[in-house]
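J.: The structure is given below, and queries will be raised subsequently.
The values are calculated or read from the model by the stated rules, or taken from the named source; none is laboratory data. Given the structure is predicted, the values throughout are model-derived calculations rather than measurements. So basically every Cβ, Gly included, is an ideal-geometry build from the backbone, and we count neighbours across all protein chains shown.
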Amino acid sequence: MERIFALLLACAALPATAQDTPPPVPPIAPVGDDLAFLNQEDRMTVPVRIDAAGPYPFIVDSGAQRSVISRQLATRLALPAGPTVRMTTITGTSTVATVVIPSLSVSTLGARRVEAPALDAQDMGALGILGIDAMQDHALTIDFDQQRMTVAPAIGVKPPRPEPGEIVVRAKSLFGQLVVTNATVAGRRVRVVLDTGTSVSIGNLALRRLLARRGAGTPIVFTSVTGDSITTDYAAVPMLTLGSATIRSLPVGFADARPFAAFGLEGKPALLLGMDVLRLFRRVHIDFARRELRLLLPRDTGRARVL
């Protein structure tokens, strides 16, 4: 069975009372505001500064509510201990310790104090994860044509007019995550959570039941940032509509993953939309402030907008 590395996580403070071998820790990124693009696993990194130290490459995860740091980097920087939190990942819920990052900054994102869960670097495959707690009021743009990624302020900035071939999809905010409700599978509405932290899209069991007559899938293993694993049923969704875009034969891993319950989507057809879908477009623009998703279609796509 193949193993896939998945990042999506959610955290809540406690009351007072997909790979065979873990990936190596990436080298320190060069100094500068330019954002790194995609590595071989389609996982995006940005250069993050912690106080005056760094920059260090953190994975950008639009499906993670909280930013995360590796225990190794936290120890190297002598960061003080923070509160214990409950963290929900693809594989389940666990109790983890946090550290206090006095000042975390990246590109145009202002420096801020962060209480970040501390996890093993080998399990994350990076020195840290930049979650949506650091990207509120900003927009993330992934330009696959130019091989560039940018994070820019969205508040007080007038959005550009859609260009030819660009689809604008409105979304809702659910615990900070952007959820597209204008999406369907097999004629049924599907909630779609945007997740740049995983290379493969993941559907819940309610979505799998819509496709129950299409035969069994292939077992595939997802490994979370905590190092735990879950086996999923990997099968193809014949057609997904996302706004006015249509995506055919989309491979999806189906599982009773804990984030669906955490988001209140356990009984509703839902999908964590990963980089396997987002990279089908020339450019993806996620505006967290305006709750908006923009997708630039491939040049050879006709008016039917089919991928």
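J.: What is the one condition in (1) farther than 26 Å from Val200 by Cα; (2) in contact with a strand residue (DSSP E or B) (Cβ under 7 Å, 6 or more places away or on another chain); (3) modelled with pLDDT of 50 or more that Asp61 does not satisfy?
T.: Result: Asp61 fails condition (1) only.
J.: So which of Arg248, Arg258, Arg209 ends up being outside the structural domain of Ala126 (by TED's automatic domain parsing) and within 19 Å of the chain's Cα centre (by Cα)?
T.: Arg258
J.: Follow-up. Look at Thr184 and say whether it is over 17 Å from Ala261 (Cα atoms), assigned by TED's automatic domain parsing to the domain that holds His285 and touching a strand residue (DSSP E or B) at 6+ places or on another chain (Cβ under 8 Å).
T.: Taking the combined requirement at face value, the residue satisfies it.
J.: Which members of the stretch 63-120 meet the condition of being hydroxyl-bearing (Ser, Thr, Tyr) and buried (at least 19 other Cβ atoms within 10 Å of the Cβ)?
T.: Ser67, Ser70, Thr88, Thr89, Thr91, Thr98
J.: Of everything in the stretch 266-301, what is farther than 17 Å from Ala154 by Cα and among the aromatic types (Phe, Trp, Tyr)? Give them in sequence order.
T.: Passing the criteria: only Phe281.
J.: So, one more: Considering only the stretch 126-135, I want to know if a residue exists there that is part of a strand (DSSP E or B), surrounded by fewer than 18 Cβ atoms within 10 Å (Cβ to Cβ) and not assigned by TED's automatic domain parsing to the domain that holds Val193.
T.: no
J.: Among Phe175, Phe144, which is the only one that is aromatic (Phe, Trp, Tyr) and at positive phi?
T.: Phe175
J.: For the stretch 138-161, name all the residues that are part of a loop (DSSP other than H, G, I, E, B) and either surrounded by 15 or more Cβ atoms within 10 Å (Cβ to Cβ) or hydroxyl-bearing (Ser, Thr, Tyr) (or both).
T.: If the condition is that a residue be part of a loop (DSSP other than H, G, I, E, B) and either surrounded by 15 or more Cβ atoms within 10 Å (Cβ to Cβ) or hydroxyl-bearing (Ser, Thr, Tyr) (or both), then Phe144, Ala154 are the ones that fit.
J.: Among all residue pairs at least 6 apart or on different chains, which show Cβ distances below 6 Å where the first residue, located in the stretch 228-239, is under 8 Å from Leu211 (Cβ atoms) and buried (at least 21 other Cβ atoms within 10 Å of the Cβ) and the second is modelled with pLDDT of 80 or more and aliphatic (A, V, I, L, M)?
T.: From the stretch 228-239, the pairs are Val237/Val185; Val237/Leu250; Val237/Val252.
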